[in-house]
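Novice: This is the structure I want to talk about, given as structure tokens.
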Amino acid sequence: MNRTVTLAFREITWNQLTDWLENPLETAGVITARVVRDDNGITLLVRDVHETSIESYIQRQVDRLSISSSGWVNAVRGSRDDAAMAIFVHSHPQGSAIFSEADDEVDGQLRQVFFDHSGYPMFGSLVIAGSKASPEFVGRLETPNATEIKMDFIRVVGDQLLVLSDDDVAEVTPQFDRQVRALGPEGQDTLRNLRVGIVG
């Protein structure tokens, strides 16, 4: 069985994050999350989304940004008190969910600083892209020895269950044709990405 990394949001925190995609300028911040490990992989239970304050931006444009340490340091330090890890997140509104060369450079600068301030031996980075109605993401975790692990899924729990994958929707095989006709491709993809346990 493949080990996966899932970033799990409550609907209220997910909406807070995807609201960033309605601003044409890039937005940055820090997500704090508790880490749960099991035989299937890692689940990051999102606690809070801390948006960078306006005054902390040194540069903010449609395709780039830079922020001072005041834009992230308090949230990262606070993650230590909450027994959580810190994930640097920024938006690519109406853009693609990719890590640019500039993103790689920034992550390289932040990695050790996040380790030091959070006390957690893992650094996370997330790009949220597209639009609020159709968000996309790419994410990764890095360990102190520079091992990189990609984030596979975002799961949002609220009035409805939403599961986003960083991969394209899998090809539908004939045995699932009736399900797809009943639920649609998105519904089938949600079912495909769920793990279900039966007790008793």
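Novice: Which cross-chain or sequence-distant (5 or more) residues have an amide H under 5 Å from the amide H of His50, H modelled 1.01 Å from N in plane?
Specialist: Val30, Ile31, Thr32
Novice: FRET efficiency for Asp39 and Ala146, Cβ-Cβ distance as r, R0 = 22 Å, nearest 0.05? Let's see the in-between values first.
Specialist: Details: r = 25 Å, r/R0 = 1.15.
FRET efficiency, Asp39 to Ala146: 0.30.
Novice: Figure the gain on full extension for Ile198 and Val62 (residue separation times 0.36 nm, minus the Cα-Cα span) and round it to one decimal in nm. Show your work: numbers first, answer last.
Specialist: Details: separation 136, 0.36 × 136 = 48.96 nm, distance 4.68 nm.
44.3 nm is the gain from fully extending Ile198 to Val62.
Novice: Next up: For the stretch 102-116, just list the computed ³J(HN,Hα) in residue order, Karplus coefficients 6.51, -1.76 and 1.60, θ = phi - 60°, integers in Hz, with x standing in for Gly and Pro.
Specialist: 5, 4, 4, 5, 4, 4, x, 6, 7, 3, 5, 5, 5, 3, 5
Novice: Something else about it: Scaled to the compact-protein estimate 2.2 N^0.38 Å, what is the alpha-carbon radius of gyration of the stretch 1-101, rounded to two decimal places?
Specialist: Details: Rg = 14.5 Å, N = 101, 2.2 N^0.38 = 12.7 Å.
Rounded to two decimals, the normalised Rg is 1.14.
Novice: Another one. Report the extension gain between Glu22 and Ala133 in nm, rounded to one decimal, defined as 0.36 nm multiplied by the number of residues separating them, less their alpha carbon distance.
Specialist: Numbers: separation 111, 0.36 × 111 = 39.96 nm, distance 0.96 nm.
Once the chain is fully extended between Glu22 and Ala133, it gains 39.0 nm.
Novice: I would also like to ask the following. Based on the mean of other beta carbon atoms within 10 Å per residue, what is the order of 72-82, 50-60, most packed first? Intermediate results must be reported in sequence, preceding the final value.
Specialist: Values: 72-82: 17.8, 50-60: 14.5.
Answer by packing, highest mean first, reads 72-82, 50-60.
Since every read-out is calculated from the coordinates, none of them should be taken as a lab result. If you're wondering where the values come from, they're calculated on a predicted model, not measured in any experiment. Note that we place each Cβ from the backbone using ideal geometry, even for glycine, and neighbour counts take in every protein chain shown.
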